[in-house]
């Protein structure tokens, strides 16, 4: 007896349809505050349909909400084919993160 391979989608479902389902799952996860899981869903949507703009936007949002601003901007621009802008955005994000760290309260100097 030959085993059938399980696929969660019926025949005739396009990659864009799959990407839409994954994108919606990502939105649901994002709404629940599960940013890492949402990013995974958005990445899967992008893998199914690299032109799925909403999935790219969702990925940037999920990573940004997870505090990974540097990665979110860089990924979004790289996926869109804007490598120079991705590098510039990454550098700006690093500078912003450094400035934010400088504003944090300092620990008292430690003296042995």
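Answer yes if at least one residue in segment 91-105 is at pLDDT below 75, part of a helix (DSSP H, G or I) and buried (at least 18 other Cβ atoms within 10 Å of the Cβ), and no otherwise.
For segment 91-105, residues at pLDDT below 75, part of a helix (DSSP H, G or I) and buried (at least 18 other Cβ atoms within 10 Å of the Cβ): present.
Against the condition under 12 Å from the mean Cα position of the chain (by Cα) and at pLDDT below 70, how does residue 76 come out, does it pass?
Yes; evaluated as a whole, the condition is true for this residue.
Do we find a residue being more than 14 Å from the chain's Cα centre (by Cα), crowded, with 18+ Cβ neighbours inside 10 Å and modelled with pLDDT of 80 or more anywhere in segment 52-70?
For segment 52-70, residues more than 14 Å from the chain's Cα centre (by Cα), crowded, with 18+ Cβ neighbours inside 10 Å and modelled with pLDDT of 80 or more: absent.
The values are calculated or read from the model by the stated rules, or taken from the named source; none is laboratory data. Not measured: the values here are computed from a predicted model. Heads up, the Cβs are rebuilt from the backbone with ideal geometry, glycines too, and the neighbour counts pull from every protein chain shown.
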